Amino acid sequence: QVQLAELGGGLLQAGGPLRLSCAASGRTITGHNMGWFRQAPGKEREFVAAIRGSSEITHYRDSVKGRFTISRDNAKNTVYLQMNSLNAEDTAVYYCAAGGGALMYLIDTYNYWGQGTQVTVSS
C-alpha cells in the first residue's frame, strides 16, 4: 500500500506560481508512475502531468505544457508539481496518484490516490 498526501494548495492571483508536493509513505515510489490529476466543480477528473517510474520521461496535458513541471525525488519519496502562470481555468482540486502502465495519462492506470488539495486562482 502507498499512502499519498498532497500539500501546497491555496488561493492566489492569476499569473502567480505555486508548487504542490505529494509525500508518499508505506512504500517507495521508485518504479511507480506518478501523476497529477485535477477536478474542477461539475467536471470530471482530468489528467494534468505524469512522470514515469522507470525513467524521467514526463507527459503533460496540452493546456499546461510550458507552464507546469512535474518532478520526483525518490530519496524523499516525494513528487512535485511546479505551476507557473496560473489562470482561473487551473482552479480545481489537485490529486496525486501512483500507478503503472504505458499510458500515463489514463486515470485507470493509477492504483493509489491522495485526498487532494484545493488550488483557487482568482482572475
query = Can you list the trypsin sites (Lys or Arg not before Pro) in the range 21-89 that are in a DSSP coil and have 12 or fewer other beta carbons within 10 angstrom?
reply = Lys43, Lys65, Lys76
inquiry  = Below 8 Å between Cα atoms, with a sequence gap of 6+, how large is the relative contact order for the chain in percent?
reply    = 36
key: Spatial separation of Cα centroids for the range 60-99 and the range 8-55, in angstrom   = 5
key: Accessible area in square angstrom per residue, the chain, 1.4 angstrom probe   = 50
message = Please list, by residue number, every one of the GluC sites (Glu not before Pro) in the range 46-120 that is coil in DSSP and has at most 12 other beta-carbon atoms within 10 Å.
response = Glu56
key: Accessible carbon and sulfur surface of the chain relative to its total accessible area, %, 1.4 Å   = 49
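The values are calculated or read from the model by the stated rules, or taken from the named source; none is laboratory data. Here the structure is a predicted model, which is why all the values come from computation and not from measurement. Glycine gets a Cβ as well: all are built from the backbone with ideal geometry, and neighbour counts include every protein chain shown. Accessible surface areas use protein heavy atoms only, side chains included; no ligands, DNA or RNA. Shrake-Rupley method; radii C 1.70, N 1.55, O 1.52, S 1.80 Å.
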